[in-house]
1. Check Met62, Met81 and return the single one that is free of Cβ contacts under 8 Å to residues at least 60 places away in the same chain and closer than 22 Å to Asp129 by Cβ.
2. Please report, ordered by residue number, the strands (runs of 3 or more DSSP E) entirely within segment 29-105 with at least 2 residues that are open to solvent by less than 80 Å² (accessible area, probe 1.4 Å) and modelled with pLDDT of 95 or more.
3. Name the single residue, out of those in segment 106-124 being assigned to a helix (DSSP H, G or I) and under 10 Å from Gln55 (Cβ atoms), that is nearest to the chain's Cα centre (by Cα).
4. Is it true that some residue in segment 44-53 is closer than 11 Å to Leu110 by Cβ and either in contact with a Leu (Cβ under 6 Å, 6 or more places away or on another chain) or without any contact (Cβ under 8 Å) to a residue 12 or more places away in the chain (or both)?
Amino acid sequence: MSKDDLEFHLKCFPSSTEDGEMSLGEKRLCRQVLGSLPQLPFPLHDVPCADGTIQKEYVIPMECREEVLNQLCFLVPVPKMDDVMFDLHEQKLFTVRDFRVIRWHGTNILASPYFDHTGGMLVDWMEPDNLEESVHTIKKKG
């Protein structure tokens, strides 16, 4: 790889280790699937994360959470608010209604309640009864 190619690669595809941001690959995947999205109509607050970064998280009232889940979830079928899911990174169960939404590079990303600890996002949610066989279908944009 030439020096110019290396500089381009590092600029466009920095690794999570080099810039210290956890779950960078998952964030990019979610951004790719969701595309650019307008900000949600909820306040944002800073969340200090275990990787030393500060992420922006929405404060979403309980009465709006199901609508937000349905709007941002690109898994098929969309889990129900009372469903229990397994966070692959944290290795813990959680109830879907406890999800978080972060604002990252012009999009809104569903994350697990443990996001600030280990970076678990929507793509890391698994059905606890089928961990070995859990496969997600992703909704096509448009």
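The values are calculated or read from the model by the stated rules, or taken from the named source; none is laboratory data. Quick caveat: nothing in here was measured; it's all calculated off a predicted structure. Positions of Cβ are backbone-derived with ideal geometry, glycine not excepted, and every protein chain shown enters the neighbour counts. Ligands, DNA and RNA are excluded from the accessible area calculation, which covers all protein heavy atoms including side chains. Shrake-Rupley method; radii C 1.70, N 1.55, O 1.52, S 1.80 Å.
1. Met81
2. Once the strands (runs of 3 or more DSSP E) in segment 29-105 are filtered for at least 2 residues that are open to solvent by less than 80 Å² (accessible area, probe 1.4 Å) and modelled with pLDDT of 95 or more, what remains is 44-48, 54-58, 92-95, 100-104.
3. My answer is Phe115.
4. Checking segment 44-53: not a single residue is closer than 11 Å to Leu110 by Cβ and either in contact with a Leu (Cβ under 6 Å, 6 or more places away or on another chain) or without any contact (Cβ under 8 Å) to a residue 12 or more places away in the chain (or both).
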